[in-house]
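Some notes on the structure that comes next.
Only the coordinates and a few stated rules stand behind these numbers; no lab work does. No experiment lies behind these values; they were computed from the predicted model shown. We place every Cβ from the backbone using ideal geometry, glycine too, and count neighbours over all the protein chains shown.
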Protein chains: 2
Amino acid sequence: MSETAQETTLTPQSLNPPVQRFTLTLTPPSIGDNTADIDRLARGLAARFGIPVPRVSLENINRFSRTLWESEFEVLAQVAFFEEGPEIIHLGPKEEPAQSYGFALDLGSTTMTFYFLDLARGETATVVTAANPQARFGDDILTRLHFAGDVQGLGELRRVTVDAVNRAVETTTGELGWDPSLLMAAAIAGNTTMTHFFLGLDTFHLIREPYIPAANRVGPLRARDLGLMMNPFGLVYVFPNVGSYFGGDLLAGILHSGIYERDELAIMIDVGTNAEVVLGNSEWLLACAGAAGPALEGGVVAVGMTAGPGAVERVRIHRETGEPDIEVMGKEKPVGVCGSGLIDLVAELFLTGVLTVQGKLDRSFPTKRIVETEDGAGYLLVSKEQTGHGKDIVVTNTDINILLKSKAAMYTILNVMVAKVGIGFDDVEKFFVAGTFGNHIDPNMAVSIGMIPDISKEKFVALGNAAGLGACRVLFDRAQMSKVDEIARKITYVELNVDQELMNTFRAATFLPHTDLSLFPSVKFPGLKHKEEE
Amino acid sequence: MSETAQETTLTPQSLNPPVQRFTLTLTPPSIGDNTADIDRLARGLAARFGIPVPRVSLENINRFSRTLWESEFEVLAQVAFFEEGPEIIHLGPKEEPAQSYGFALDLGSTTMTFYFLDLARGETATVVTAANPQARFGDDILTRLHFAGDVQGLGELRRVTVDAVNRAVETTTGELGWDPSLLMAAAIAGNTTMTHFFLGLDTFHLIREPYIPAANRVGPLRARDLGLMMNPFGLVYVFPNVGSYFGGDLLAGILHSGIYERDELAIMIDVGTNAEVVLGNSEWLLACAGAAGPALEGGVVAVGMTAGPGAVERVRIHRETGEPDIEVMGKEKPVGVCGSGLIDLVAELFLTGVLTVQGKLDRSFPTKRIVETEDGAGYLLVSKEQTGHGKDIVVTNTDINILLKSKAAMYTILNVMVAKVGIGFDDVEKFFVAGTFGNHIDPNMAVSIGMIPDISKEKFVALGNAAGLGACRVLFDRAQMSKVDEIARKITYVELNVDQELMNTFRAATFLPHTDLSLFPSVKFPGLKHKEEE
């Protein structure tokens, strides 16, 4: 687990967490007022704060009763607002310090990102990441889904995931000096498969036509139902899914982006394993997802890696010499290239003229950086003397080809969606880019390769970890949970019909930046003048 | 455990159980309609039957999902209506037979009476009783409360009680051929102490001034929270308490009596360990309880025993010879006298002239039945040749004295209550007598000894096991649960202020039938003429 300081956090405007603290002075019992302890507490809270009479779980009754007498009926109650009504989940003496914590979790298939929140103060104490432990059963989701095909496998996936979450909780609360039993609420956003694994839900029909999740919406659960290291009665909100391809992480992202309550049209893209695109405004939302991401994550492109220490994240190429200038994450020597580095590299090679419009390395370009590899021509980004692992970092035509397919997929999806509603990209007022990717990507570069449309750069907004921050939102303001339902109801999912027309659109988009250059007027590259003269 | 055929059962007018069966045909999923399984089921039920969208517990999702596919989306769902909303707790194929069971339990401190109900048909399958296993920790409640003073003791009391309930469930469902997991609902009525023990609630403040229960109202729970052998998600309704002296059994009794919805004034009395009295109508309810019962249960009176096989339940005394004519419960030889037998005996001895108005055996009465014992004079009810245990059954002056104190307590309570609201007994339209006692007692006899007021015998109604039948009511009609809350809210509890006036009232009532004979005009006894002549 590593602390990633560059993660942005959320500063809530106001505070309305799903677990709220109430200070209460009750009239002590007497012969003339012999209401039972718990009834006195629950009714007292309801009367004093205008909330429905809260429940108390059977297991808490004796402890709370003792606390009432010991603190002479002056108490601080923490009330969890479940869908089915409020419940008192913690009771302490009135003078107890303001301790009410929670965590938001972006449950990615590769990385889990935790936001540890102080719910009483409305602050993010720390952000930590940990590898998704499911990777031991397979890096790719399909292998894991196969493994989940029997009950033992599914149970195992669930167990390792919950264990990893609990380890992160244990370590981080230890570092923060927090009592884990004062973790009162959690919000978890993952894609549909991750959510199924986390909840132990059957994925049999999820991966078979017509691709049906076991459940989309389970409503807030209790921590003990999931085995999480928290207050056992704490509220755990698992973002609902919309369908097999449209998960809670994307709903959390939409929530964070706010596009569902804007009057103007906006697009949000999230590039992970899939490229996920949402287009819409306060009246309607259109969503689409497609396999576009692999090139941008570790494991597919030979030199690719997840954004993290040792990843080349920025690349500039000298226009005459073809020599690279790189920025590496952390203070380490480079060992690979992350998504934004790859986009930078391809864009810069193209803008310098090292890459052709077909995305091939031009051996005639006067540089020694073009080398021969087993996979054909390659561009030597970092020679082994400068790398962390003592091996050259070479990006080959094959790697570039994978990236071009990904960027073409992204552009195609965007194109299908605007076409579907009969608008042009210029009608879109905001273009939100979610994910770590969105934080690192240079929109100029992404436009240069034709991955995203050639619109005004001011329209681009990097959202950061939209899923994680969206999850933080529901913990700072429980009213956001009904917004999530509203978004889920509003979403129309666009199926990509793989027909000849789509294939043509896709093929045209695999070029740099596109076969139709009029779509990318701002992109100036060496071959352009030649092309314009033709 | 013995089957007691003489228990009356409830025949519901209409059926609206807390767990209801719904047959549903859903549109199977398709590419164009890819709602998740559980969402499809829950929303389908809500839309088809106009109920709120029901929840499904996490543990049930996979099973229910499989049932949906296996039964091709034609299902029978059983929905439990919890306070916090409905939940699907069982799902089977559409053609599944109508199996939905429940049990009502009158959790008495001596005897547990179970009513096994077919909730689908609205029928009582059987009524069984079992001894309350807490007796091993002490016959009287105070000993048990002492034992419950530490956590281990309380846990032990809870465990043996739940175990005994589960044994009764296991045996009876076995006899009935019922699958215990199809027990969908249970309703449990006990006094405040029994409820505390059953739920494992602390009794520390319950038995110390100002006598505060840990909780009065816990709301319907899930069977698994209590460890009951039922459908683990089944609904368990535990009748709330009103205070330390006023428990759920009495609320259940009031529910069964219906006095809370009558326009006319009515009284309900329930004689167990305490004498509990409720007076009121649809507008107000006044309740009072006092230690009046011991004489009428086994253990206090030397020859006393609980109503059951071998108990003398009816006694007539020949007016001239003083010879007894008895009826014994079951087909066994007599071994003791139950409450109604004792009342009969004292009344008949008094009416015959064997007992004086002071309740003393009159040795001058010409009968050989008056014998000398270690405790002074006694009446030989059954000689050892005729008994089941080979010992004489002799009722002594001491025994009679205990009964007189009990009957005086009952009359005093009744008197205090009518005085409190400024009415006379003649203003009372119905006089309900609850309990096994109510089933056996002869109102003429009870009036003769001045235990209950001298009102028209037609006003007396034996309610049977009002607590048990009240518990059956909520299982046949869940709307009754809110009636219980209504009753609890409406109840005013009258504390008996033990002052000189009360003592005078009590002392006057220890006479046969009372010092003020004008209160009992219908009671004619040998000494009366003599008295009138005075």
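Based on C-alpha pairs under 8 angstrom that are at least 6 apart in sequence, the range A:304-396 has a relative contact order of 24 percent. Start at zero, step by 20 Å, and the Cα-Cα distances of the protein assembly as shown spread as 11, 33, 25, 16, 9, 4, 1, 0 percent across the bins. Estimated purely from DSSP H runs of n ≥ 4, each contributing -39500 (n - 2.57), the mean residue ellipticity at 222 nm for chain B is -10000 deg cm²/dmol once divided by its residues. Within the range B:64-102, list the residues whose amide N lies under 13 Å from a label point set 7 Å along Cα→Cβ of B:Thr23. Of the residues in the range B:64-102, B:74-77, B:93-99 have backbone N under 13 Å from the label point off B:Thr23.
Of the GluC sites (Glu not before Pro) found in the range A:47-128, those that fall in a DSSP loop while having at most 12 other beta-carbon atoms within 10 Å are A:Glu72, A:Glu95.
Cα centroid separation, the range A:381-438 to the range B:230-287: 72 Å. Each of B:Leu235, B:Asn216, B:Phe246 was placed along the dipole of the range B:213-266 (beta-carbon charges, centred on the mean Cα), and the one lying farthest toward the positive end is B:Leu235.
Distances between equivalent label points of B:Glu74 across the copies, with each point positioned 7 Å along Cα→Cβ, amount to 6.8 nm, shortest listed first. Here the range B:100-244 carries DSSP beta bridges of which approximately 60% are antiparallel, counting only pairs with both residues inside.
Need the full-extension length gain, A:Asp33 to A:Lys333, defined as separation in residues times 0.36 nm minus the C-alpha distance. One decimal, nm. The A:Asp33-A:Lys333 span can extend by a further 100.7 nm. Evaluated with a Cβ-only charge set (Lys, Arg +1; Asp, Glu -1), the protein assembly as shown carries a dipole of roughly 320 debye about its Cα centre, given to the nearest 20. Of the trypsin sites (Lys or Arg not before Pro) found in the range B:176-222, those that fall in a DSSP loop while having at most 16 other beta-carbon atoms within 10 Å are B:Arg208. I'd like the mean, over residues of B:23-31, of how many other protein chain beta carbons sit within 10 Å of each residue's own Cβ. Average neighbour count from other chains, rounded to a whole number: 2.
Sorted from closest to farthest, the other copies place their B:Glu374 label points 10.5 nm away, with each point set 7 Å from Cα along Cα→Cβ. Checking the cross-link filter: which lysines have an alpha carbon closer than 30 Å to that of B:Lys360, excluding same-chain neighbours under 8 positions apart? Within the straight-line cut-off, B:Lys360 pairs with B:Lys333, B:Lys368, B:Lys384, B:Lys391, B:Lys405, B:Lys407, B:Lys457, B:Lys524, B:Lys529, B:Lys531. Hey, if you drop one equal point scatterer on each alpha-carbon of the range B:100-244 and run the Debye formula without solvent, what base-10 log of I(q)/I(0) do you get at q = 0.20, 0.22 Å⁻¹? Summing over Cα pairs of the range B:100-244 leads to -1.20, -1.39. For the range B:10-52, the residues whose amide N sits under 20 Å from a probe point set 7 Å from the Cα of B:Ala479 along the beta carbon direction are B:10-22, B:49-52. Convert 20 °C to kelvin, take the viscosity as 1.002 mPa s, use the Kirkwood radius over C-alpha pairs of chain B as Rh, and evaluate the Stokes-Einstein diffusion coefficient in µm²/s, rounded to a whole number. Answer, rounded: 86 µm²/s. Rounded to the nearest 20, the size of the Cβ-charge dipole of chain B about its Cα centre is 240 debye, with Lys and Arg at +1 and Asp and Glu at -1. For chain B, the longest principal axis of the C-alpha atoms and the axis of helix B:466-476 are separated by about 20°.
Specify the angular offset, from 0 to 90 degrees and rounded to the nearest 10, of the alpha carbon long axis of helix B:500-509 from the longest principal axis of the alpha carbons in chain B. Roughly 80 degrees, rounded to the nearest 10.
Based on alpha-carbon atoms, the Kirkwood radius and the radius of gyration of the range B:114-155 give Rg/Rh equal to 1.28. The equivalent ellipsoid of the range B:19-93 has semi-axes of 19, 13, 12 Å, largest first, where each one is the square root of 5 times an eigenvalue of the Cα gyration tensor. Per q in 0.10, 0.15, 0.17 1/Å, what log10 I(q)/I(0) does a Debye calculation on the alpha-carbon atoms of the range B:308-396 return? Evaluating at q = 0.10, 0.15, 0.17 Å⁻¹ gives log10 I(q)/I(0) of -0.22, -0.51, -0.65.
Using a 7 Å projection from Cα along Cα-to-Cβ, the label point at A:Thr11 is separated from the same position in the remaining copies by 7.5 nm, smallest value first. For GluC sites (Glu not before Pro), the sites in the range A:377-471 that DSSP calls loop and that have at most 13 other Cβ atoms within 10 Å are A:Glu385. Between helix A:480-490 and chain A there is an angle of about 50 degrees, using the helix long axis and the longest principal axis of the Cα atoms.
Annotation for the range A:67-107 versus the range B:298-364: alpha-carbon center distance of 60 Å. Hull volume per residue, based on the alpha-carbon atoms of the range A:414-481 and their convex hull, is 114 Å³. Which aspartates and glutamates does B:Lys420 reach when only Cα atoms under 17 Å apart count, and residues fewer than 8 places away in its own chain are ignored? B:Lys420 reaches B:Glu276, B:Glu283, B:Glu495, B:Asp499, B:Glu501. Working from Cα pairs under 8 Å separated by at least six residues, relative contact order for chain B is 14 percent. Ordering B:Ala311, B:Met481, B:Ala185 by Cα displacement along the dipole of chain B toward the positive end leaves B:Ala185 in first place; charges were set at the Cβ atoms of Lys, Arg (+1) and Asp, Glu (-1).
Centre-to-centre separation between the Cα atoms of the range A:478-530 and those of the range B:154-225: 62 Å. Averaged over peptide B:203-214, the number of partner chain Cβ atoms lying within 10 Å of each residue's Cβ comes to 5.
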